[in-house]
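What follows is a set of notes on a single structure, which appears directly below.
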Amino acid sequence: MEEKSFFEKFYGVFAQAETWLNVAYLFLTFPLGIAYFVFLVTGWSLGISLVIIWIGLLVLALVFAISWGLTAFERWLSAGLLRVDIPPMGRPTDKTAKFWPRLKAWFGNPVTWKGMLYLLLKFPLGILNFTVATTVLSVSLALLATPLALIVPGWQITWDWNLTLLNGRMFIAQPDPYVVAGISFLVGVFLAPASLHLLNWMAGWQGKLAQKMLGRSELAEDEAEVVEAFVDTEEAVESAEEVVDQVLETEVAES
């Protein structure tokens, strides 16, 4: 398979489905981050303030339960849009276990706390993603659409340079609108794919963050060991079957 040229890699970003999934994810982080922040700050504040009359404990328990569900949702969202493999959130629960041991295991699960921290981090990340994505995409589209100002009635390009000479006299320079439109369009042709590559990079490291925060890495290692052991077992069984077949063929040939 031939390696793609720089031109194909740079401008091929438009044809990649993962690019637009990444863009969708980055824009979703803004409203979701605001919702998570409001929920957690309100829930924790209300719960702690009402602990003295015991109702706060119920509120805090509800906050933890909903946070776990939101963490699972974020795990699903990251796996679906960012296409990252996230380890399991916890070990399979023993349904026969009593309530307190299960509750203790749940509070002892690092993902319970990392997930809640991740939900809080979505707020500043959402602001960052929305600001960067909106800025680079809107500027790119504006530059690409500059030539339309030459043909759409009512649109015009105004770009005045106020220059002051050494003797104090001032004059206004107005560049040719066709030159301005052409330069702006060429800049937009370069800036648009560069903006998408930037957004892909942002989505990439946020996918790695989701892997670290929304799953237990030791469980992923356990799963890998189980799969490796299963593969080794299959290979051993296949080897044993081959030996048995050879022995049977030898006995048949001798008889």
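Calculate the FRET efficiency for Phe190 and Ile66 from the Cβ-Cβ distance with a Förster distance of 45 Å, rounded to the nearest 0.05.
0.50
May I ask you to derive the FRET efficiency for Ala145 and Ser5 from their Cβ-Cβ distance with R0 = 25 Å, giving the value to the nearest 0.05?
Once the sixth-power term is evaluated, E becomes 0.35.
Taking the Cα atoms of the stretch 27-81, what is the range of coordinates along each of the three principal axes, in descending order and whole Å?
43, 18, 7
Every number here is computed from the coordinates shown, using simple stated rules; none is lab data. Since this is a predicted model, take the numbers as computed values, not measurements. Quick reminder, even Gly has a Cβ in these numbers, built from the backbone with ideal geometry, and neighbours come from all protein chains shown.
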